[in-house]
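> Here it is, the structure, as structure tokens.
The values are calculated or read from the model by the stated rules, or taken from the named source; none is laboratory data. These figures come from a predicted structure and were not determined experimentally. Counting neighbours? That spans all protein chains shown, and the Cβs are built from the backbone with ideal geometry, glycine included. SASA here: full protein model, heavy atoms, side chains in, ligands and nucleic acids out. Shrake-Rupley method; radii C 1.70, N 1.55, O 1.52, S 1.80 Å.
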Amino acid sequence: MNRSDAVPYEPPKPVISVIMANYNCDAFLESAIRSVLNQTNPAIELILVDDGSRDRSVEIAKAIAKEDGRLKVFSGTRFGGPAPVRNYALQQAKGDWIAIVDSDDLIRPDRLDRMLQAAEDTGADILIDNLAVFQSDGPANITTMFEGDLRERPARIMESEYIKANMLYSRGSKLGYAKPLIRRTALDTNQIRYNETMRIGEDYDLIVRLLSAGARMMSIPDVMYFYRKHGNSISHRLDAVALDALEQTASEALRQPTPHAEVTAAHAARLKSIRRAVSFDRIIVALKRKDVLSALREISNNPSVIPLLRLPVLHRVLKRTGNPLVRSDPRLEAELNGLRAQGTA
């Protein structure tokens with residue numbers, strides 16, 4: 001593992017360590033890095049771990065690291081996914097708090113300062129903010145993650161509530177997409193790290209285990225994280241391999257003893273939603289092979305999947321026509337444009 005060249009100035013111990021996993025994201029990487037380094041709280045470090053990129057990612061990151069010693073670049077190893085990359089980054093992190101930012105996303109300049117203040121004021125071990133989802137190609141079509149009361153006021157999120165907010169193909173806030181600020185001692189005291197068998201859903205799995213260990217989770221309604229959707233994104237893709245890993249971890253979570261019946265019920269409901277998604281994936285694969293008989297057999301065995309069958313048609317329509325129900329907030333559009341102007345994306 002090779003680190004970037006040393007810089008003359010070595011900043012003091014950071015309060016917040018931002019960890020960023022990267023793989024072939026040179027088109028968006030500079031903007032993501034600069035949105036972190038431009039935070040109003042200077043007591044940060046950015047730990048960027050590259051997962052064997054074949055594009056210009058490492059070159060771009062090391063050039064910025066020469067300008068700002070708070071950026072530490074680690075490259076030269078193929079880890080094989082965001083979970084092992086983040087675990088390696090955690091080994092390098094020196095801050096009392098850990099923040100997660102993806103290498104194709106953007107954050108507001110005051111985000112980490114405001115999240116740290118909120119976490120300290122509420123005694124939170126985990127704090128999340130609202131998230132704006134935007135399309136990288138064409139109109140931004142910004143939507144936000146929180147729904148209901150979470151959009152209006154700060155709230156404590158209990159373990160069962162967090163699990164229920166992560167059902168597959170369901171309505172409501174999808175809190176597993178949130179990028180948390182985590183108290184380092186909550187991770188270390190409970191010896192919790194990312195599950196390296198998971199390709200997607202690794203943040204959700206980490207948070208659930210922290211909550212199970214007694215961590216206190218809070219949310220604030222502020223929209224300060226901009227989550228980019230583009231052709232190479234992996235976090236919104238569900239395939240057989242990813243679903244199998246999700247099903248295994250959900251089954252294991254359900255087997256863990258807990259004194260809280262509502263937690264057990266939430267785990268059971270989430271496992272059911274994953275198994276329905278597995279059935280849906282099998283049907284889509286069969287139809288792509290023109291194996292109608294297998295698709296019909298799967299539908300007969302799992303009739304709960306029927307409501308999901310309209311999703312591929314809806315997706316094609318919206319891709320062709322755009323979503324007429326999406327009306328981006330002009331304020332968020334302006335903030336996004338300002339953040340994108342910091343780099344090349």
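> For the condition closer than 24 Å to Leu175 by Cβ and at pLDDT 85 or above, what is the one hit in Ala277, Ala286?
Of the residues listed, the single one that is closer than 24 Å to Leu175 by Cβ and at pLDDT 85 or above is Ala277.
> With the requirement that a residue be in contact with a helix residue (DSSP H, G or I) (Cβ under 7 Å, 6 or more places away or on another chain) and aromatic (Phe, Trp, Tyr), what does the stretch 75-115 give you?
Residues satisfying the conditions are Phe79, Trp97.
> Is it true that Ala132 is in contact (Cβ under 8 Å) with a residue 24 or more places away in the chain and under 16 Å from Leu211 (Cβ atoms)?
Judged against the criteria, Ala132 is not a match.
> Could you count how many residues in the stretch 246-266 are within 24 Å of Gly81 (Cβ to Cβ) and buried (at least 19 other Cβ atoms within 10 Å of the Cβ)?
Final tally of qualifying residues: 4.
> Still on this structure: Can you tell me which residue within the stretch 75-92, out of those that are surrounded by fewer than 22 Cβ atoms within 10 Å (Cβ to Cβ) and in contact with a strand residue (DSSP E or B) (Cβ under 6 Å, 6 or more places away or on another chain), is modelled with the lowest pLDDT?
Looking at the filtered set, the residue picked out is Gly76.
> So, one more: Among the numbered criteria (1) modelled with pLDDT under 95; (2) open to solvent by 50 Å² or more (accessible area, probe 1.4 Å), which single criterion is violated by Asn166?
With respect to (1) modelled with pLDDT under 95; (2) open to solvent by 50 Å² or more (accessible area, probe 1.4 Å), Asn166 is out only on (2).
> Return yes or no: is Ser294 open to solvent by less than 60 Å² (accessible area, probe 1.4 Å) and assigned to a helix (DSSP H, G or I)? Don't jump to the end; show me each part of the working.
Details: open to solvent by less than 60 Å² (accessible area, probe 1.4 Å): yes; assigned to a helix (DSSP H, G or I): yes.
The answer is yes for Ser294.
> Among (1) among the small types (Gly, Ala, Ser); (2) assigned to a helix (DSSP H, G or I); (3) in contact with a Ser or Thr (Cβ under 7 Å, 6 or more places away or on another chain), where does Gly95 come up short?
Single failed check for Gly95: (2).
> Let me ask you something else. Can you spot a residue in the stretch 309-327 that is modelled with pLDDT of 85 or more, in a helix (DSSP H, G or I) and either touching a Leu at 6+ places or on another chain (Cβ under 9 Å) or surrounded by 13 or more Cβ atoms within 10 Å (Cβ to Cβ) (or both)?
Looking through the stretch 309-327, none of the residues is modelled with pLDDT of 85 or more, in a helix (DSSP H, G or I) and either touching a Leu at 6+ places or on another chain (Cβ under 9 Å) or surrounded by 13 or more Cβ atoms within 10 Å (Cβ to Cβ) (or both).
> Something else now. In the list Ile182, Ile192, which residue meets the criterion of being closer than 19 Å to Glu120 by Cα and either in contact with a Pro (Cβ under 9 Å, 6 or more places away or on another chain) or crowded, with 17+ Cβ neighbours inside 10 Å (or both)?
Result of the check over Ile182, Ile192: Ile182.
> Tally the residues that are part of a loop (DSSP other than H, G, I, E, B), open to solvent by 10 Å² or more (accessible area, probe 1.4 Å) and at negative phi, restricting the search to the stretch 104-139.
Summing the residues that are part of a loop (DSSP other than H, G, I, E, B), open to solvent by 10 Å² or more (accessible area, probe 1.4 Å) and at negative phi in the stretch 104-139 gives 8.
> May I pose another question? Ala215 passes all but one of (1) of a type outside the set (Ser, Thr, Tyr); (2) open to solvent by less than 20 Å² (accessible area, probe 1.4 Å); (3) closer than 29 Å to Thr144 by Cα; (4) in a helix (DSSP H, G or I); which number fails?
(4)
> Would you please list the contacts, defined by Cβ atoms under 7 Å and residues six or more apart or on different chains, that run from a residue in the stretch 47-67 that is without any contact (Cβ under 8 Å) to a residue 24 or more places away in the chain and assigned to a helix (DSSP H, G or I) to a residue that is buried (at least 16 other Cβ atoms within 10 Å of the Cβ) and of a type in the set (A, V, I, L, M, F, W, C)?
From the stretch 47-67, the pairs are Val58/Val73.
> Separate question: Of the residues that make up the stretch 55-69, is at least one open to solvent by less than 20 Å² (accessible area, probe 1.4 Å) and farther than 25 Å from Arg108 by Cα?
Checked the stretch 55-69: no residue is open to solvent by less than 20 Å² (accessible area, probe 1.4 Å) and farther than 25 Å from Arg108 by Cα.
> A further question on this structure: Please go through (1) modelled with pLDDT of 95 or more; (2) in a helix (DSSP H, G or I); (3) closer than 20 Å to Val101 by Cβ for Met224 and return the number of the only condition it doesn't satisfy.
Met224 satisfies every listed condition except (2).
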